[in-house]
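Engineer: Shown below is the structure under consideration.
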Amino acid sequence: MSASDEGNAAAAGYAPHPYVGGRTAVLRALAAWRMRWPGAPRVIVLTGNPGSGRSRLLTGFLMMCDPGYRKQLPLDDLDPATVPPDLPAPAVPSPAGRTAAQLLWLISDHFGLNADRTDDIFTELATREEPVTIVVPDVDQAGPVRAADAPARVVQDVLKPLAATETVQLLADVPRELAAELAGALPRGQVQVIDLDEAEWADPKGLVLHAETALTPEAGAPELPYTTDPSARRALAEAIAARANGNRLTVQLAVQSLLMQPEGFDPADASLLPGSVGEALDLHARRLGAEPQTLRLLLAPLAFAEGEGLPVQLWGALANAVAGRDMSQDLADGMLLTAPFILPVEASPDDDEDADAGGTADEAADDSGTGPAAGRTLLRLMHPGLAEEIRSALPDTRDAQTKIAMALLEAVPQQDWSKADPYIRDHLAAHTLDAGLLPQLLTDPGLFAHADPVTMRAAIEAVPFEQLGAPARTYLRTAPLLTRSQAPADLRAAFLESAFVEDGLAPYAEALHTLGFTLPWRTLWSVPLVGVRAVTTGSLPPQGGDGATADAAGGPDGTTAAQAPDGTTAQVPDGATPGSVQPGEPVPASGTTAPRPVAAFIVPEGTPGSRTVPRPDGDDSEGDGRALLVHDLLRPEYVDADPAQVQLPSEQAQAAAPFGLSRGADYLRVWARASQEVVAALLSDTPFTGADLSPDGVLVVATARGVTARQILATPPPATPTVPAQRTGTADSDASDGLEGDHS
């Protein structure tokens, strides 16, 4: 199969593919792969230069693989060797905008695999009795953040393991710089590389047909001498294709340019026809009497745009930033100049998720003109190859990204992230990553909570871990929970608030309470204890004078410091840490006459500071390896107390409590007894080993990471926490199910 097959197909009278318009040799190779023809490779790697037509070719081939779409194609008129058999449609997981892990789970969901880890996906596929067919298009568009090099991760983590799985028949559209790596991982005979820019797979006649079809009035071309006259149209199409050097994007740009502004174009002047994507830009600008550099500067913000595209409201400010001068007049006069290269799109509904949840961005639109209420029309360049050309021609792309990032920061009203355009919140991290400035940005808890966690996580993961500060490391640790839960901004802020306290970053946690979020809880304290089996809440009886029973003591190691997971130490101040209790709220302490609220942990025997769990009278059996450790319920300090003195809430107190607790393996729900509505939902990336809810609404939770206490904020806490009538008893593991038991 080679380029000579194109002529053979035409000589036989076969019609070209109605969407592809040629590529007979490649379509034959793909059809043989699909039908598993003897000698056909199991894996095909499709590659080529930007603009070579890989995406269009793959789309045309998949049309013939889809049983429903096949009925709309004139298959009987096509070369039979290019038509794949009528089989169930292959799986086509799109990597566009997705991480490697997201792509793998997409494949797992499609095949209904029973996989708990990504590695299990390949194991499950390998054990299937029937082979599976997977087509992965547009690998060059992978990842939510362009500068994070997601295509390389997709090849390494997804395509190479898939290609090595004998039960997988794989076709992947891969950038040239990654094609050899993928093909080199397989033995000869199992893989074939199809490079659309090599002579073997060239399609000059198809390129002419592509240009000729685009020039017809039926395709929307205006009536001009070289569009209505078939011979003139054919001659112009041949001239355009000859100059384009086999690149379909160059042909497309040339045709769009001359049809959008036919004045000043002479079809007999070959110097007006581009030989590359860059020449298409420059020739169009000169024909309209503009400087080519002006056109490139106007398009530069779109060449750096992330996600679905750049909001039209931000285009002017970013163009000014990149150019270093006022481009407003150039932009106003340049609609025809830029039009052939721009594609307007409507933002997806998810783009305004945070604004809808909080309501603040809509209000900000009235003042800033950048919120969702001002319209969500996005602009992007009509092909990734065009963006690559514009970026590569800039003298310093990092400097351009720095200017864009600074302009985006300046566009945040009053530096309030709730009022920022969703594009800025979600993609500022990507721009600063490309500018080399991301670590400096990762100190703002408001941005952490408002930004899309998928894009923020991808950007942070692209930074060497040693360059990240403590807040960024906390975010990175919490990011899987944020992405898995798909939580709105308020709940993301709540998860981060707890994570900051757990890691000894109380000021960052406290800041989240001042930024307008509606948080379901305030995290009071967290201790990094290992091996906690259960927790319960209760109280110690009043102690007068200097009674030692309820005196505060050091932690299990004899210190008063809370250690963060990264090994750093944050000293606990005397009294409550910021956020441990409501401002102005009296806290019972040792030496008072009020019962002291405490939490008791069942821990391994020998844990520093713990005491043996008391046994009923007459029970002299050997210990079961458990001990009890007492901690103040409202403050970050351990309590040196006899476990026998810990009093549990009575059944009447539990029944009168305003909140109830339901528990699953990795989630908890706190609900209001009066309305039965859930007021707080807690997820964990590690299973819960214990949980309890005090009558005053303090939720104490234990996981493999440690124990954390949260004050539920659904209703204002009482001015002075009161402890109802107590009953004396021992703390045991049953209390870990909370007041309402385990309702999972």
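For (1) out of contact with any strand residue (DSSP E or B) (no Cβ under 9 Å at 6 or more places or on another chain); (2) closer than 20 Å to residue 21 by Cα; (3) open to solvent by less than 30 Å² (accessible area, probe 1.4 Å), each residue gets a yes or a no:
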site	(1), (2), (3)
227	yes, yes, yes
240	yes, yes, yes
249	yes, yes, yes
253	yes, yes, yes
257	yes, no, yes
264	yes, no, no
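Engineer: Residue under question is residue 516, and the condition is that it be under 30 Å from residue 415 (Cβ atoms), in contact with a helix residue (DSSP H, G or I) (Cβ under 9 Å, 6 or more places away or on another chain) and modelled with pLDDT under 50; does it hold?
Structural biologist: no
Engineer: Of all residues in the range 149-161, which are in contact with a helix residue (DSSP H, G or I) (Cβ under 9 Å, 6 or more places away or on another chain) and surrounded by fewer than 23 Cβ atoms within 10 Å (Cβ to Cβ)?
Structural biologist: 151, 152, 153, 156, 157, 160, 161
Engineer: How many residues are without any contact (Cβ under 8 Å) to a residue 60 or more places away in the chain and assigned to a loop (DSSP other than H, G, I, E, B) if we restrict to the range 453-486?
Structural biologist: Going through the range 453-486 one residue at a time, the tally reaches 5.
Engineer: Another question, if that's okay. Could you go through the range 717-738 and let me know if any residue there is open to solvent by less than 40 Å² (accessible area, probe 1.4 Å), among the polar types (S, T, N, Q) and at pLDDT below 50.
Structural biologist: Within the range 717-738 (the criterion being open to solvent by less than 40 Å² (accessible area, probe 1.4 Å), among the polar types (S, T, N, Q) and at pLDDT below 50), the answer is yes, since at least one residue qualifies.
Engineer: Within the range 525-535, does at least one residue satisfy the condition of being open to solvent by 40 Å² or more (accessible area, probe 1.4 Å), modelled with pLDDT of 50 or more and touching a strand residue (DSSP E or B) at 6+ places or on another chain (Cβ under 6 Å)?
Structural biologist: Within the range 525-535 (the criterion being open to solvent by 40 Å² or more (accessible area, probe 1.4 Å), modelled with pLDDT of 50 or more and touching a strand residue (DSSP E or B) at 6+ places or on another chain (Cβ under 6 Å)), the answer is yes, since at least one residue qualifies.
Engineer: Go through 468, 481 for me and flag whichever is crowded, with 17+ Cβ neighbours inside 10 Å, under 20 Å from the mean Cα position of the chain (by Cα) and modelled with pLDDT under 95.
Structural biologist: Result of the check over 468, 481: 481.
Engineer: While we're on this one: Show the residue pairs meeting these rules: Cβ distance below 8 Å; 6+ apart or different chains; first residue within the range 314-326 and surrounded by fewer than 21 Cβ atoms within 10 Å (Cβ to Cβ); second residue part of a loop (DSSP other than H, G, I, E, B) and not basic (Lys, Arg).
Structural biologist: Partner pairs satisfying both residue conditions: 316/327; 317/411; 320/326; 320/327.
Engineer: Please go through (1) open to solvent by less than 60 Å² (accessible area, probe 1.4 Å); (2) within 37 Å of the chain's Cα centre (by Cα); (3) within 22 Å of residue 531 (Cβ to Cβ) for residue 662 and return the number of the only condition it doesn't satisfy.
Structural biologist: (3)
Engineer: Also, I was wondering about something else. Please go through the range 414-427 and pick out each residue that is open to solvent by 20 Å² or more (accessible area, probe 1.4 Å) and either closer than 17 Å to residue 306 by Cβ or in a helix (DSSP H, G or I) (or both).
Structural biologist: 414, 415, 419, 426, 427, listed by residue number.
Engineer: Check 232, 300, 305 and return the single one that is of a type in the set (A, V, I, L, M, F, W, C), touching a helix residue (DSSP H, G or I) at 6+ places or on another chain (Cβ under 7 Å) and buried (at least 19 other Cβ atoms within 10 Å of the Cβ).
Structural biologist: 300
Quick grid of which residues meet (1) over 23 Å from residue 532 (Cβ atoms); (2) surrounded by fewer than 22 Cβ atoms within 10 Å (Cβ to Cβ):
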{"position": "640", "(1), (2)": "no, yes"}
{"position": "643", "(1), (2)": "no, yes"}
{"position": "648", "(1), (2)": "no, yes"}
{"position": "653", "(1), (2)": "yes, yes"}
{"position": "667", "(1), (2)": "no, yes"}
{"position": "670", "(1), (2)": "no, no"}
{"position": "678", "(1), (2)": "yes, yes"}
{"position": "694", "(1), (2)": "no, no"}
{"position": "699", "(1), (2)": "no, no"}
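Engineer: Restricting to the range 139-175, name every residue that is touching a Leu at 6+ places or on another chain (Cβ under 8 Å), over 20 Å from residue 453 (Cβ atoms) and part of a loop (DSSP other than H, G, I, E, B).
Structural biologist: 165, 167, 174 - these are the residues of the range 139-175 that are touching a Leu at 6+ places or on another chain (Cβ under 8 Å), over 20 Å from residue 453 (Cβ atoms) and part of a loop (DSSP other than H, G, I, E, B).
Engineer: Filter the range 428-450 down to residues that are within 24 Å of residue 154 (Cα to Cα) and open to solvent by less than 30 Å² (accessible area, probe 1.4 Å) and give me whichever is farthest from the chain's Cα centre (by Cα).
Structural biologist: Of everything passing the filter in the range 428-450, 435 is farthest from the chain's Cα centre (by Cα).
The values are calculated or read from the model by the stated rules, or taken from the named source; none is laboratory data. All of these numbers come straight from a predicted model, not from anything done at the bench. As a convention, Cβ positions derive from the backbone with ideal geometry for all residues, glycine included, and neighbour counts pool all protein chains shown. Side chains included, ligands, DNA and RNA excluded: accessible areas come from the protein's heavy atoms. Shrake-Rupley method; radii C 1.70, N 1.55, O 1.52, S 1.80 Å.
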